[in-house]
Amino acid sequence: MQAPTGLPELKLKAREDRRIRAGHLWVYSNEIDSAQTPIKAFRPGDLVSLVSDRGQFLGYAGVNPHSLIAARILSRDPGRRPDRGLIKHRLNVALKLRDQLYPEKCYRLLFGESDGLPGLVADRFGDYVVLQASTAAIERLKGEVVDAVNALLEPAGILWRNDSGARDMESLERYVEVACGEVPERVPVREASMEFMAPLHAGQKTGWFFDQRDNRLRLARYPSGKTLDTFCYTGAWGLGVAARGGQSAFVDASAQALAWVKEEGQRLGLPVETLHGNAFEVLRGLRDEGRRFDTVIVDPPAFVKRKKDFRQGLAAYQRINELAMRVMEPDAWLVSCSCSHHLSASDLTGAIQRAARHVGRFVQLLETGAQSADHPLHPSIPETRYLKALFCRVVMADS
């Protein structure tokens, strides 16, 4: 099929269309035939017709000449250009999946590439929607995105949380703004029988980590006890344990995060202990004090953000898990997580095993969790598989 008219062409080099035809949505700058279609001739966010070296239409894409990922496909249908109608269609398909899985109306509504709109994330909090654009093309389509969300959901308010580091790679400014309606600083978010408060304007990412929801629910099958929730943010892991009768302590480097934890504890009528500081240092202090816990949750930010960080990041995962084991009771539970795409579940398992051997512990891996179902995987894009949560039993080596 020849490329449709109406948009400028971006042509690939010979044989560089194989990965695209197999389902991937990204085009790297070194795959483009810059002699015939110079990528530098385009402005960030321009829409193009992506074609093979033989002129065959591959899809409509948004481009950014300043990024290693120079183009991302938004539509493969020559009759469906990226516009409000396409965005509404993608959102509607995504909404059908989430509403079948999460009756609470709290979920990740749209997960970028996995839902056919690279560069766009949408989280729903009942009557409110938080959007995040990480590409120049989606930034250009902001108005169409808001129109589509309004037409589909009629929310009370829509917030753009365009302050993530991912925007730096696209040379986009960071900002937070209300797109329409009113969006409170904090709004309710329900997980099963519990209601938390998510800080939408000032919290991390879009305000809530929906990707760990299924793993937090998975933890409920394990006995409650003295629990240490490290890198706790607003404390959803530990508060869930406390609601089941356990005693939870919370660790975070952010004083604001711990203030939210305290407010949540008061609102829910749950006792909480907060420990402010770097998790590595706090764990060392707890070890020296002789504190021991029945469960330790390790849910850090990504220690391996790029491939070149792998060795250093892997060492950090081993070190934090070793410190966690040093404050555990002789028979205890460890939930160890990684959101680093470049670190596999087997890599994390290996780090935990090395940590255990170093402190004279024996580990049994009971189950492996991943990101929640509202963060579906794209089979052709390994980067959409990023979250690992290992549920382990940790005992003394001679037990």
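The values are calculated or read from the model by the stated rules, or taken from the named source; none is laboratory data. The model shown is predicted, which means the values in this text are computed figures rather than measured ones. Methodologically, a virtual Cβ is constructed for each residue, glycine included, from the backbone with ideal geometry; neighbour enumeration extends over all protein chains shown.
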In the range 275-301, how many are free of Cβ contacts under 8 Å to residues at least 60 places away in the same chain and within 24 Å of Cys339 (Cα to Cα)?
10
Segments classed as strands (runs of 3 or more DSSP E), wholly inside the range 310-399, with at least 2 members that are buried (at least 19 other Cβ atoms within 10 Å of the Cβ), in contact (Cβ under 8 Å) with a residue 40 or more places away in the chain and not assigned by TED's automatic domain parsing to the domain that holds Glu113
328-338, 388-396
Restricting to the range 262-309, give me the number of residues that are of a type in the set (Val, Ile, Thr), more than 17 Å from Gly245 (Cα to Cα) and either over 21 Å from the mean Cα position of the chain (by Cα) or surrounded by fewer than 19 Cβ atoms within 10 Å (Cβ to Cβ) (or both).
2
Matching residues in the range 197-242 - criterion: being under 30 Å from Ala133 (Cβ atoms) and out of contact with any helix residue (DSSP H, G or I) (no Cβ under 9 Å at 6 or more places or on another chain)
Ala198, Leu200, His201, Lys205, Thr206, Gly207, Phe210, Asp211, Asp214
Residue by residue through the range 216-256, note down the ones that are buried (at least 22 other Cβ atoms within 10 Å of the Cβ), part of a helix (DSSP H, G or I) and free of Cβ contacts under 8 Å to residues at least 40 places away in the same chain.
Arg216, Ala242
Answer yes or no as to whether Gly116 is over 28 Å from Gly23 (Cβ atoms) and not charged (D, E, K, R).
no
Whether any residue in the range 200-208 is surrounded by fewer than 21 Cβ atoms within 10 Å (Cβ to Cβ) and part of a strand (DSSP E or B) is what I want to check.
no
Which one is surrounded by the most Cβ atoms within 10 Å (Cβ to Cβ) among residues in the range 175-199 that are within 18 Å of Leu110 (Cβ to Cβ) and free of Cβ contacts under 8 Å to residues at least 60 places away in the same chain?
Val183
If you go through the range 1-38, how many residues are in a strand (DSSP E or B), at pLDDT 95 or above and not basic (Lys, Arg)?
7
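To keep it simple, each residue is scored yes or no on (1) of a type in the set (D, E, K, R); (2) modelled with pLDDT of 95 or more.
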| position | (1), (2) |
| --- | --- |
| Arg216 | yes, yes |
| Ser224 | no, no |
| Ser248 | no, yes |
| Ala253 | no, yes |
| Lys262 | yes, yes |
| His276 | no, yes |
Looking at Ala94 and the list (1) in the same structural domain as Gly23 (by TED's automatic domain parsing); (2) more than 19 Å from Thr135 (Cα to Cα), which single condition is not satisfied?
(1)
Kindly provide the set of residues from the range 10-24 that are in contact (Cβ under 8 Å) with a residue 60 or more places away in the chain and closer than 18 Å to Pro65 by Cβ, ordered by number.
Leu10
Top-ranked residue of the range 41-71 - restricted to ones that are under 12 Å from Leu10 (Cβ atoms) and of a type in the set (D, E, K, R), ranked as surrounded by the most Cβ atoms within 10 Å (Cβ to Cβ)
Asp46
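To keep it simple, each residue is scored yes or no on (1) of a type in the set (Ser, Thr, Tyr); (2) at pLDDT below 95; (3) over 19 Å from Leu47 (Cα atoms); (4) within 16 Å of the chain's Cα centre (by Cα).
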residue: Ile87; (1), (2), (3), (4): no, no, no, no
residue: Ala94; (1), (2), (3), (4): no, no, yes, no
residue: Gly112; (1), (2), (3), (4): no, no, no, yes
residue: Val130; (1), (2), (3), (4): no, no, yes, yes
residue: Ala156; (1), (2), (3), (4): no, no, yes, no
